[in-house]
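Contents: one structure, followed by commentary.
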Amino acid sequence: MKKNVLDEKCMLFAVRIVKFYQFLCTEKKEYVLSKQILRSGTSIGANVRESRNAQSKADFAHKLNIALKEADETQYWLELLKMSDIITIDYFDTLNQDLSEIIALLITSIKTVKFKIS
């Protein structure tokens, strides 16, 4: 199956989140927030992947909306980690930049499919 930009960015982001989780656990001894960001950060790509098998355009849009909610939650955990001084601004900036790109792609994709539905 042909990969698209959103699929690739989500997979690469999920890999970064897994490594970030490992860093938080081993270096920062942070186990609660790290688990939260691991779940939401890897769920983005899982929901995008699931959208491939949508039963309709409305179902496709719904699955992308779930991915968008997970992305927003991930951004919340990143902000909390930064504001709590658990991670540096550099860690935050690099992950947040990737996440912002994914959010923009999700919003564009959702708008496009909703336009096609109407």
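For the stretch 84-100, enumerate the residues that are over 17 Å from Arg49 (Cα atoms) and surrounded by 14 or more Cβ atoms within 10 Å (Cβ to Cβ). The answer is Ile86, Ile87, Tyr91, Phe92, Leu95, Asn96, Asp98. Among all residues of the stretch 72-93, there is none that is under 19 Å from Met11 (Cβ atoms) and either free of Cβ contacts under 8 Å to residues at least 12 places away in the same chain or more than 16 Å from the chain's Cα centre (by Cα) (or both). For the stretch 53-97, a tally of residues being under 12 Å from Ser109 (Cβ atoms) and charged (D, E, K, R) returns 2. Only one of the numbered conditions (1) buried (at least 16 other Cβ atoms within 10 Å of the Cβ); (2) modelled with pLDDT under 95; (3) closer than 29 Å to Lys57 by Cα; (4) not basic (Lys, Arg) is violated by Phe115, and that is (1). In the set Ala67, Ala61, only one residue is surrounded by 13 or more Cβ atoms within 10 Å (Cβ to Cβ) and within 10 Å of the chain's Cα centre (by Cα); that residue is Ala67.
The values are calculated or read from the model by the stated rules, or taken from the named source; none is laboratory data. Only a predicted model underlies this, so the values are computations on that prediction, with no experimental measurement involved. Neighbour counts are summed over all protein chains in view; Cβ atoms, including those assigned to glycine, are modelled from backbone coordinates with ideal geometry.
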